[in-house]
Every structure is written in C-alpha cells, then in structure tokens.
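Structure record follows, encoded as structure tokens.
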Amino acid sequence: MLHLDFNDRLELFRLALPEGRALDQIRERAETVALAVLHAVPVLVRNVLSSADLEETVRYSADAMQTALGPDLATVATVAQNDTIRGVAVGPRAPFVSEAVYRAFWDAYFDLPRGHVAIEEIADENGGILGARSSMTVAVRRGDVLSGLLGVFWTTPRTFSRVEQEMSLAVAALGEIIFSKFEAT
Amino acid sequence: MVKSERCRLVNQQSEASVEQRRKDLKAFLVVRRRRLEAEVVGYRGRPRVREGLSQGEIAELAGVSLNWYELFESGRGDRRVSVDFVQRIAIALRLDFDERLELFRLALPEAQALDEMRERTEKTALSVLRAIPGMLRRVIVVSSLDDMVTIAADSMHAALKPDYATIATIQTDGTLMGFAIGPRVQTICNSVHRMFWDLHADLADGDVGIVESEPRPEVLPRSEHNVQIVAVADEHRSVLKSLKWTTDQYSEEENEWAACSSLAVAIREGDALRALLGGFWSTPRKFSRIELETARAIAAIVRVVL
C-alpha cells in the first residue's frame, strides 16, 4: 500500500485511470483554448487600432478567431458596406470560399441578434456552408442594423465551450467599437 | 472583514457546495439504479415492488457491503471512498463512459479537484473576455496614461477578482500617484504605492512579477518580511528581487498592509517605467497560467493604446 498525499493521489488518478485522463484532458483543453484566446486578444486590439480601413479590420478579426480557435475549415467574416456584401476568409479552406458563400452566410444569419452565438451542428454528411459539420457565428451590429458576421467552421460535429463562445462575442464587441471608430472618422 | 468572518464565509460556501454535490450524487445513483432491468443483470423471478434494482442488489453485484453502498448513495460527505469502490459501483450500474466521468466527479475528491481546476480556468478566461471590450471602449476615448491605467486596473480587478485589492501606481514628472480598488482599499496608503514601485522597478515589459509568500498575521505594523519577487516570462521563472524589508522603511502612517501574494505587470515607455498594475490577495496562492496571461493581456492592451 502506497501512502500517498492528496497531490500524489491526484497525479495517480490522472495517469492511471481512463476517467482521470479524460477529466484531465477536458481541463487541459479548457486551458489551451483560454490561453490561445488570451494571446490573440492583445494582438487583435493592436491590429485593429492601427488598421487603415474597415476591410483590414475585418481581416484582423478573422485572423484572431482563426488563431485562437483554430477551425479546421475556415473563419469567414462578411461585412455590409454601401449595400454590398463583402467577405474575408482565412484558414485551410479559405481559397474555396466564394462570393456565393459570403452571400449564403449573410442570408443564413441575417436575423442573429447582438450578444447571441449561433451554434450549428449539421447531421447531413454533406454538411452546410463549406461542407461544415459544425459552426459558430456571431453578429456585429450598429444599432439594429447588421453590419457584419463572423463565423468559424469545422469539418466535424463538436461542442463549443463557454470560452470559445465568449471569445466570439468579445471579437464581435471589438468589431462594433472599431466600426464606430471608422464612422467617427 | 476580519479574518474569522472571512474563514466562516469560505466554510459556508464549501459546505453549500458539498451539500449540493451530495444531493447530486444521490439523485444520480438512484436514477441509474432504477433504470436497470432485473432480468438483464441476472435477477430472475423475484417479485418486484418498484422498478429497477434495490440497494442490496447493487451492493451484491458490486461486491461491496450493503452498509457501505447505503452510505455512499446517501452521499455522506464524511465517508471517503476509494477509486476501486467507485469503479465497482460504476460497473454494477452499467454506466457508459460519460456517466462514469460524472460519477467520478461527484464521488471522488481527485476528480473534483480536476473539475475545479477546469472551472477556475474557464471562469478567469470568461471574466477577462467579458472585461476586455468594455476596457477598450473606455481606453480609446481617453488620452492620459493615468486614465488608461485606472481603466486597466478596473478591468484587472473584474477579471482576476483579488480578495485584497488591485493597485495602479503611475509615475508622472517624477511623482508617484496611485489608484486602488477592492475590499481592503482602506489599508493602501502612499507608502504602499511607493513600496510596490520600488519592489517592481526592474520588471520588464511582458513579464509578470509574482509573490507567492507564506501566511502572515492579519496586521503587521512595522515588522520585517522576507520577500521574493519572481519574474515570469512565458514558461520561464527567475528571481527578480529577493530582499528583506520593513514596513518602517515606508510608513509615515500606521501601515496595516497585509497582502500575502501578488501579481504585477509593468507598463514602460521606452526604458522608462511609467506604471505598474498589481492584484493582491490576502492568502498565499499559486498563480495559474491563465491568471498570468490575463495580467499580461491587460498590460499589453494599455501599451498598444499608448
């Protein structure tokens, strides 16, 4: 019989049992995502404050989401300017994102309110936009008017942690601040 | 709040969470026991007055005593069970992997510890993510360093929730100015800001200076302390300053400074230290990577806006 203190027992539990390993992996995943998000936020703030125009800001926002959350398909950002929908995509499948995808994305989430996260899990094996099996989208609004959408897309069904959802909302909130900066100038 | 009141509060909180866990464990076990079909697990021909299996049958299947199983199902927090015991119950109840995880979480202190670590990590990350847009909204409309650092201190306090105070110390034209927020703000006088400044004067941009000290009495007027400030840069830790100092060195007023552990970040313009931000706790503690990264992120945002 080993006389272990609590920390040793905890270590043994983590190492020796599948349940311990699973719980530890859940904890580790939460930490990894949180750290990635915390690294990405100051970079995003620096970039958007120095950006020259709205398009650059949108690209930086998409970059931050791609870096922090690492979707295996793409991060897609669309923005409405002078009645035109324009978009930016980053990530492994970005080259395949067409104008039609930006339009479909816009139409699909047009009603998404501020402060909400739309989470989609697609049962169909062909997937939804970009063939994604899961996605998370947030809206950037000026007053009641939708000015942009930001979505992250994965090839597999997955759940989204509270940190991931909050990161999306934080980026959308930063987007609104930056939109107002461009409006003011 | 005096120390005894604080301890009582902490104990009440933990008693409440133990009670909740006890109820959850009981509900979890009763539901799983009642959903089992007697025939499937090999009990045939016995008259049934209620659905599922009895406590005695589960104890028999698990190879544990009925008395132990009854105590376990009642969620008696004073009875410590082994990992082996919980595994036997999980097999007897035919739990799938996710259910086993849930049972482990509810029944074993080891699993609870891991779960609490995850929760703490998430909570801190959520707090800072919620604080940052508000911080940026305020920071970009002010122009002075004082205002920016004060806003940053607010955000740091909202994100890290130190139980002693959050302090911002700013140097303008060679004069130190201070701002503090938190439950023990009344103990923070000018000498504390000077002490904070002197101890962290060499802290580099991007590093976090931490003190993870031993417990001290609640009130320490004019006594001597050993302080070791460790600078953390990414994964690397090095001693920034190790010294003996007395509150006498700083006190022109009665100093009741009694923080035990702290975390600080510097804001520099070129080589010159312009401001320090610090979170202070009344108890010794180890800082998680998330907490360090949160402080670093807040300082980085101020630097960017500057």
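The values are calculated or read from the model by the stated rules, or taken from the named source; none is laboratory data. The shown structure was predicted, so the numbers you read here are calculated from the model rather than taken from an experiment. No Cβ is skipped: glycine too gets one built from the backbone with ideal geometry, and neighbour counts run over all protein chains shown.
List of remarks:
- Just one of the listed residues (A:84, A:78) is under 21 Å from residue A:153 (Cβ atoms) and among the polar types (S, T, N, Q), namely A:78.
- Residue A:180 meets the stated requirement of being among the polar types (S, T, N, Q), free of Cβ contacts under 8 Å to residues at least 60 places away in the same chain and within 14 Å of another protein chain (Cβ to nearest Cβ).
- Qualifying residue in segment A:132-152 (condition: surrounded by fewer than 17 Cβ atoms within 10 Å (Cβ to Cβ) and part of a strand (DSSP E or B)): yes
- Filtering B:89, B:132 for residues that are in the same structural domain as residue B:21 (by TED's automatic domain parsing), touching a residue at least 40 places away in the same chain (Cβ under 8 Å) and assigned to a helix (DSSP H, G or I) leaves a single hit, B:89.
- Cβ-Cβ contacts under 8 Å between residues 6 or more apart (or on different chains), taken from a first residue in segment B:170-193 that is farther than 26 Å from residue B:306 by Cα to a second residue that is exposed (fewer than 15 other Cβ atoms within 10 Å of the Cβ), are listed as B:183/B:1; B:189/B:253; B:191/B:252; B:191/B:253.
- In segment A:133-154, the residue that is nearest to residue A:69 (Cα to Cα) out of those that are among the aliphatic types (A, V, I, L, M) and touching a Ser or Thr at 6+ places or on another chain (Cβ under 9 Å) is A:152.
- Selection over segment B:86-101 of residues that are surrounded by 19 or more Cβ atoms within 10 Å (Cβ to Cβ) and either in contact with a strand residue (DSSP E or B) (Cβ under 9 Å, 6 or more places away or on another chain) or closer than 16 Å to residue A:20 by Cβ (or both) gives a count of 4.
Each row is one residue, and each column tells you yes or no for (1) surrounded by 19 or more Cβ atoms within 10 Å (Cβ to Cβ); (2) more than 7 Å from every other protein chain (Cβ to nearest Cβ); (3) of a type in the set (Val, Ile, Thr); (4) assigned to a helix (DSSP H, G or I).
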| residue | (1), (2), (3), (4) |
| --- | --- |
| A:9 | no, no, no, yes |
| A:34 | yes, no, no, yes |
| A:40 | yes, yes, no, yes |
| A:43 | no, yes, yes, yes |
| A:48 | yes, yes, yes, yes |
| A:52 | no, yes, no, no |
| A:64 | yes, yes, no, yes |
| A:72 | no, yes, no, no |
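- Flag for residue B:146 being over 17 Å from residue B:303 (Cα atoms), in the same structural domain as residue B:297 (by TED's automatic domain parsing) and among the acidic types (Asp, Glu): no
- Yes/no for residue A:21 being over 22 Å from residue A:176 (Cβ atoms) and among the charged types (D, E, K, R): yes
- Residues that are under 20 Å from residue B:147 (Cβ atoms), part of a helix (DSSP H, G or I) and among the hydrophobic types (A, V, I, L, M, F, W, C) within segment B:168-197 comprise B:185, B:196, B:197, listed in sequence order.
- Residue B:207 meets the conditions (1) within 26 Å of the chain's Cα centre (by Cα); (2) surrounded by fewer than 17 Cβ atoms within 10 Å (Cβ to Cβ) in every case but one. The failed one is (2).
- Residue satisfying all of: in segment B:264-306; basic (Lys, Arg) and not in a loop (DSSP other than H, G, I, E, B); farthest from the other protein chains (Cβ to nearest Cβ) among these: B:274
- When each of B:177, B:195 is tested for being over 23 Å from residue B:291 (Cβ atoms) and either of a type in the set (A, V, I, L, M, F, W, C) or at pLDDT 90 or above (or both), the lone residue that passes is B:177.
- Scanning segment B:100-111 turns up no residue that is facing chain A (nearest Cβ under 9 Å), modelled with pLDDT under 80 and not in a helix (DSSP H, G or I).
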